[in-house]
Amino acid sequence: GIDVYERISESRIGTEDLRRQQAEAIRLLYVSFTRARDLLVLPLPGKKKAFPWLALLEADWFTPTDGVMQLPDGRQIDVLHRLLQANESPPVPDSSLPRLWFPPRRPAEFRPPALLSPSAFPPVASATVASTATIGPRLSLHGAADMQAVGDALHAIIAASFFITDGDNRLQMIKETLQRFQADHHLQPGEVAMTVQGLHQWLQSTHGTYEAFPEWPIHQVQANGQLLSGWIDLAVRTERGWLLIDHKSFPGAHHDMLERALGYSGQLAAYAHALQEATGVPVMHQCIHFVVAGTMATIAHNPQK
């Protein structure tokens with residue numbers, strides 16, 4: 001026959017592979033031996049007399065024995081050697097004896113998440129819809145609209161509209177943004193432009209002079225170390241204080257919108273608290289802007305509710 005194994009093992013590739021295997025075996029031995037604090041158990045097959053992986057240590061003194069194992073540096077370790085028979089029933093441990101080598105299990109402890117997302121906050125029980133206003137036309141949705149894409153496109157368009165004020169340029173921006181979000185088959189640019197213009201006119205007519213901060217990131221470290229992190233769709237600084245607006249693309253009926261608006265009250269309250277703490281300026285109004293429906297719902301908090 002052909003001594004295939006011998007030829008492979010004696011080749012350069014074979015010897016290099018053997019060295020890698022031995023190095024890995026020594027690494028695993030080191031890890032297993034050094035992790036033991038009070039007790040190290042080595043199960044060994046009884047019929048085998050040689051253990052190549054153990055021989056890698058080149059420690060002839062390390063052999064199964066009873067009593068005491070003498071280390072090269074003079075120290076001694078207590079050793080117990082036991083030969084288990086195949087038909088021998090395992091001993092039943094005495095549950096009353098403490099397992100000194102295992103630390104007691106610590107009781108379960110609640111640990112809050114490191115990050116808090118305002119959008120995950122539950123509704124505020126005292127929240128009410130104080131008022132609603134129609135600020136633009138209801139957008140016509142064509143085809144089986146992907147509402148995620150529609151919502152992302154409308155968010156981007158509204159944010160950009162505060163920097164692109166010229167009518168023609170704004171309309172071109174709306175067309176390009178709808179195409180970029182693949183929402184151009186579902187929304188008409190002209191209608192979206194009227195919706196955007198309606199928002200700007202409502203802000204000016206109800207709040208006068210204002211400064212807008214669209215898509216504003218906000219981060220706040222809580223008292224317990226948690227980090228609240230999110231994006232305010234539109235923060236508006238007025239002469240009296242802040243106005244917070246969160247855009248939603250929900251296309252439902254009016255009565256459904258009111259219920260939806262209250263569902264976002266926790267998110268708005270979290271943003272309001274963080275913004276007021278960061279700037280020292282009070283938040284006067286918290287609103288949900290239902291863009292598709294052209295409706296602005298103002299949320300109020302009634303502690304007596």
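The values are calculated or read from the model by the stated rules, or taken from the named source; none is laboratory data. The structure presented is a predicted model; accordingly, all values stated were derived computationally and were not measured. We place every Cβ from the backbone using ideal geometry, glycine too, and count neighbours over all the protein chains shown.
Thr134 fulfils the conditions (1) in contact with a helix residue (DSSP H, G or I) (Cβ under 7 Å, 6 or more places away or on another chain); (2) within 12 Å of Val292 (Cα to Cα) except for a single criterion, (1).
Restricting attention to region 47-88, the residues that are assigned to a strand (DSSP E or B), over 51 Å from the mean Cα position of the chain (by Cα) and in contact (Cβ under 8 Å) with a residue 12 or more places away in the chain add up to 1. The set of residues in region 161-192 that are surrounded by fewer than 19 Cβ atoms within 10 Å (Cβ to Cβ) and among the small types (Gly, Ala, Ser) comprises Gly167, Gly190. Here Thr128 passes the criteria (1) in a loop (DSSP other than H, G, I, E, B); (2) among the hydroxyl-bearing types (Ser, Thr, Tyr); (3) surrounded by 12 or more Cβ atoms within 10 Å (Cβ to Cβ) except the one numbered (1).
The residues in region 131-152 that are assigned to a loop (DSSP other than H, G, I, E, B) and touching a Phe, Trp or Tyr at 6+ places or on another chain (Cβ under 7 Å) can be counted, and the count is 1. Highlighted here are the strands (runs of 3 or more DSSP E) found entirely within region 194-305 that include at least 2 residues which are loosely packed, with under 14 Cβ neighbours inside 10 Å: 210-221.
When region 40-57 is limited to residues that are closer than 18 Å to Ile77 by Cα and loosely packed, with under 10 Cβ neighbours inside 10 Å, the one that is modelled with the lowest pLDDT turns out to be Pro43. Scanning region 269-297 for residues being within 18 Å of Val196 (Cα to Cα) and polar (S, T, N, Q) gives a total of 1. Exactly one residue out of Pro107, Pro137 is under 24 Å from Arg260 (Cβ atoms) and surrounded by fewer than 17 Cβ atoms within 10 Å (Cβ to Cβ), and it is Pro137.
Mind checking whether some residue in region 156-173 is assigned to a loop (DSSP other than H, G, I, E, B) and of a type in the set (Val, Ile, Thr)?
Yes, the conditions are met somewhere in region 156-173.
Contact map, region 1-22: first residue in contact (Cβ under 8 Å) with a residue 60 or more places away in the chain and more than 22 Å from Phe51 (Cβ to Cβ), second residue outside any loop (DSSP other than H, G, I, E, B) and among the aliphatic types (A, V, I, L, M), Cβ cut-off under 7 Å, separation 6 or more or different chains; the map is empty.
Scanning region 78-124 for residues that are of a type in the set (Phe, Trp, Tyr), out of contact with any helix residue (DSSP H, G or I) (no Cβ under 7 Å at 6 or more places or on another chain) and either modelled with pLDDT of 75 or more or within 30 Å of His301 (Cβ to Cβ) (or both) turns up just one, Phe110.
Might you check whether a residue that is within 18 Å of Glu259 (Cβ to Cβ) and touching a strand residue (DSSP E or B) at 6+ places or on another chain (Cβ under 7 Å) occurs anywhere in region 110-122?
yes
Pairs are defined by a Cβ separation below 7 Å, a sequence spacing of at least 6 or placement on different chains, a first member in region 26-46 that is more than 18 Å from Ala59 (Cα to Cα), and a second member that is not in a helix (DSSP H, G or I); the pairs so defined are Arg37/Trp101; Asp38/Leu100; Asp38/Trp101; Leu39/Trp101; Gly46/Leu83.
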